[in-house]
Ligand code: HEM
């Protein structure tokens, strides 16, 4: 067991194997097997991928806002590089690519449901998911075109003078807070579509 948990790759692989075991056991127990040759199953599969990537994205957004940013002033200056040089760049890698995966799987999902255009134009019956999608698209834009470029300056990945660095750190922090605010109605709208709208 310890050999599995000492490696992140093996831990993730073990999660997938465990899922397959549950699927086989449920199939054997109920004699009802998943039908991978149906459109319904593939939409479900993309829903799962979408929620997985969304959890990674919003989990890291909330980690930044609830844990890392409020803790920074309590960390002695000589220890701050552990965050700014090691943890934050790694977290930002998973953060921005999870945002991309969530956007792509979400757009695929809406296309598979056949309501992408209706949702984005906020038509009746699709206004909940449409609003959720627009909120999440603005958040995705902020991640890739505001937070990440400014974090590169703030973390020293792109070299700028001290004034520009401080300004970039503030812009990244305020935009991240904005996304945290948006995440609350966004997630409500996202799940509301299943529940007859807003
Ligand atoms: C980035 C743009 C996004 C797009 C285009 C998008 C699109 C969609 C679509 C089309 C659905 C199916 C809704 C339905 O008919 O019930 C959905 C559901 C969902 N989305 Fe998103 N989404 C996005 C971002 C997010 C984010 C950031 C999260 C955060 C976790 C998220 C979490 C969910 C959840 C939990 C569901 C409901 C799953 C269920 O009820 O089974 N989405 N999304």
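No lab work stands behind these numbers, since they all come straight from the coordinates. Quick caveat: nothing in here was measured; it's all calculated off a predicted structure. Because the Cβ atoms are built from the backbone with ideal geometry, glycine has one as well, and the counts that use them run over all protein chains shown.
The length gained on full extension between residue 74 and residue 134, counted as 0.36 nm times the residue separation minus their Cα-Cα distance, comes to 18.0 nm. For the peptides 20-26, 65-71, the ranking by mean Cβ contacts within 10 Å, running from highest to lowest, is 65-71, 20-26. The modelled label-to-label distance between residue 144 and residue 163, using points 7 Å beyond Cα along the C-beta direction, is 3.2 nm. Volume of the convex hull of segment 33-100 (Cα atoms only), normalised per residue: 98 Å³.
Percent of alpha carbon pairs in the chain separated by more than 29 Å? Here the tail beyond 29 Å accounts for 39 percent of pairs.
Relative contact order, whole percent, for the chain stands at 20, derived from Cα pairs under 8 Å and 6 or more residues apart.
Per the Debye formula on identical point scatterers at the alpha carbon atoms of segment 93-142, with no solvent, log10 I(q)/I(0) at q = 0.12, 0.18 Å⁻¹ is -0.25, -0.54. Stretched out straight at 0.36 nm per residue, the stretch from residue 123 to residue 177 would grow longer than its current Cα-Cα span by 16.5 nm. Given the options 97, 33, 134, which has the most mean-square fluctuation in a GNM of the chain, springs set between C-alpha atoms less than 10 angstrom apart? Taking springs between Cα atoms under 10 Å, the residue moving most is 33. Relative contact order for segment 66-170: 20 percent, from Cα pairs under 8 Å spaced at least 6 residues apart, divided by residue count.
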